Every structure is written in C-alpha cells, then in structure tokens.
1. Of the residues 223, 198, only one is outside any helix (DSSP H, G or I), surrounded by fewer than 19 Cβ atoms within 10 Å (Cβ to Cβ) and of a type outside the set (Lys, Arg); which?
2. Quick check on my filter: what residues within region 207-220 are of a type outside the set (Phe, Trp, Tyr) and outside any helix (DSSP H, G or I)?
3. Look at residue 209 and say whether it is basic (Lys, Arg) and either farther than 30 Å from residue 94 by Cα or assigned by TED's automatic domain parsing to the domain that holds residue 144 (or both).
4. For region 105-192, please list each of the strands (runs of 3 or more DSSP E) lying entirely inside it that holds at least 2 residues being under 19 Å from the mean Cα position of the chain (by Cα) and not aliphatic (A, V, I, L, M).
5. So the check is Cβ under 6 Å with 6+ separation or different chains; which pairs have a first residue in region 172-193 that's within 18 Å of residue 120 (Cβ to Cβ) and a second one that's in a strand (DSSP E or B) and among the polar types (S, T, N, Q)?
6. Scan region 91-99 and give yes if some residue there is closer than 13 Å to residue 174 by Cα, among the hydrophobic types (A, V, I, L, M, F, W, C) and in contact (Cβ under 8 Å) with a residue 24 or more places away in the chain, otherwise no.
7. Considering region 46-69 alone, what residues qualify as being under 26 Å from residue 32 (Cα atoms), over 11 Å from the mean Cα position of the chain (by Cα) and not hydroxyl-bearing (Ser, Thr, Tyr)?
8. With the condition kept exactly as written, say whether any residue in region 246-254 is out of contact with any helix residue (DSSP H, G or I) (no Cβ under 8 Å at 6 or more places or on another chain), of a type in the set (S, T, N, Q) and in contact (Cβ under 8 Å) with a residue 24 or more places away in the chain.
Amino acid sequence: MVNFESVRNIAFLEPVNSFSDMAKDEFCKKFHLENCFTTPMTTIRQIVDYVGQNPDTLGVLPLENTIDGTIRESLDCLMYSKNPAIRIIAEIVLPIELCLLSKTTEFYSITGLIATPRLLGKCQEFIQNELPRHLNLIEAPTMLEAANDLRNHNLTYASIGNRKIAQNCMLNILKENINDDKNNNTKYILIGAIETDITDNDKTTVAFKTSNTPGALLEILKIFLEHDINLSYISSCPSRKEQGKYTFIINLDGHIKDTNISNAIEEIKPKTSFFKCLGAYN
C-alpha cells in the first residue's frame, strides 16, 4: 500500500519558482516531504499521467482561482485518469501575491521595471500610483527571467515576482502585494494513490452523470439529504464525451469512509451513468 513514507518524487507545473512551485513547497512542509525529488512538468495531463505511472510520485495541480474560476483541465484529467487509484489527497489555498523586487533596498530610487506583460496588467494601479510617471518598462517572458535580467541593469531597476523568486535570486522585496486584486487566491490539490484516513475536517469530492430526464439530479440530491450529508459545493460542466450531456461535481462534508456517506454513495451509483470519487481529503 502506498503511503507518505514511500513518496520519492513530487511533480508540479513548471517553471520553477512559480506559484505551483510554492504550493509544492507548502505540501512538502505539511507532509514532511522536503527530501523528495521534484519534477517540473509542462501540462496538467502530463502530471496526472506521470503520477499514475509512478506509485512513489505525487502531483500538485491548480484547481480553482478566485478570479478565473475552476481549472477544468485538472478535473477532467482526474475524472478520466488511466489509473483509477489516483485521487485528491490534500488541498491548500495559496494567496497569489506579487512583489516589487530589486537589488537595492531603496524603493524611491526605482526608475525602471522588468516584468511579463501579464503581470504588468495585474499591477496597473500600483505602477500608475506609486512608481515614476516616466518609468522605463522592459518586458520579459517569465518572472524568473525578469528577476535574472536585473543583473544587466543598475540598482534603479526592479522586477515583479513572488517571494520564492526573491529568496532564490537573493533580491530585496521593496513592496509586497502590489497586485490590483488583493483577494486573488488559488486552490491547489495534491494527488496520488494514497488512501487517506478519517479526520474531523474532511471533504469528499465526487463526479457523476445522470440520465437526461426530469428530476434525475433532484433524486440524487434527496439521497444526500436523507443521509444528513451537507453539500458545500455543486457545479456542472459539459461532458467531454457527449454533446448536450453534463457532469456534476459535488463536495460533501465528511470522508467517504464515513458510514452515512458510503451508504449514500451505494444508493446513488445505480442511478448514474458515470460515478467517480475524486478524493477524500482536508
């Protein structure tokens, strides 16, 4: 049986020093996995497939952002993973906070800024209100390359990045949380073939499809009610496989091993054309 002691590798979305990399660090601290190897990968599908093929590997996926909403690819890849044992085993919410970074410690000396076009757009209020009117702007392809490009400029230049880049590139944080939206958070999930235990703060996520008939969804929701199960989240998304068909995603308060939840699921499965537990976690 796979457990946290047998984990040797953790895959996450590249590039290194990204917010996905920071989420990986948080999961490592939570489960004491700091000595594991880490593997940056290009796509969500690559991560899910890689974890499915390597029992000693976990994966970190973005699941939901307060601005952009649910990351559909993460849900789809989990629902249709080639390895049915892969599931969500933990989640964290990471604040997406951008910082002004520089080699200098003098904020008011800044005359130039290096950043990606996307991050420049996310920090417009700060740039317009707190930086010089005739600021010299230089575009870079990534946060890390923007930070590295500071080596080619004098101390009056700064870049936009996160705390991990500041630490790894030995830069000073001149201003924190400079992004326009101060409530930008991303929920990340840890996936793997580990079977979690019951705690007092669990959540179970299930996905299912019903027949396209009146009352089909209501019939399933009533079963949850009859078993005294609180539904903290419910959504629907178009099926990848059938036009006009929808998949429902529901978060239940509690663990799939709880008697009331396991009994409810046994009643529900025959009433669905597709059912999968995507994980029980906290």
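The values are calculated or read from the model by the stated rules, or taken from the named source; none is laboratory data. This is a predicted model, so every value here is computed, not measured. Backbone-built Cβ (ideal geometry, glycine too); neighbour counts: all protein chains shown.
1. Criteria check complete, one pass: 198.
2. Selection gives 207, 209, 210, 211, 212, 213, 214, 215.
3. Working: basic (Lys, Arg): yes; either farther than 30 Å from residue 94 by Cα or assigned by TED's automatic domain parsing to the domain that holds residue 144 (or both): yes.
Answer is yes for this residue.
4. 185-192
5. Close Cβ pairs (under 6 Å, with a partner that is in a strand (DSSP E or B) and among the polar types (S, T, N, Q)) amount to 174/102.
6. Yes, that holds for at least one residue.
7. Within region 46-69, 46, 47, 48, 49, 51, 52, 53, 54, 55, 56, 58 meet the criteria.
8. Yes.
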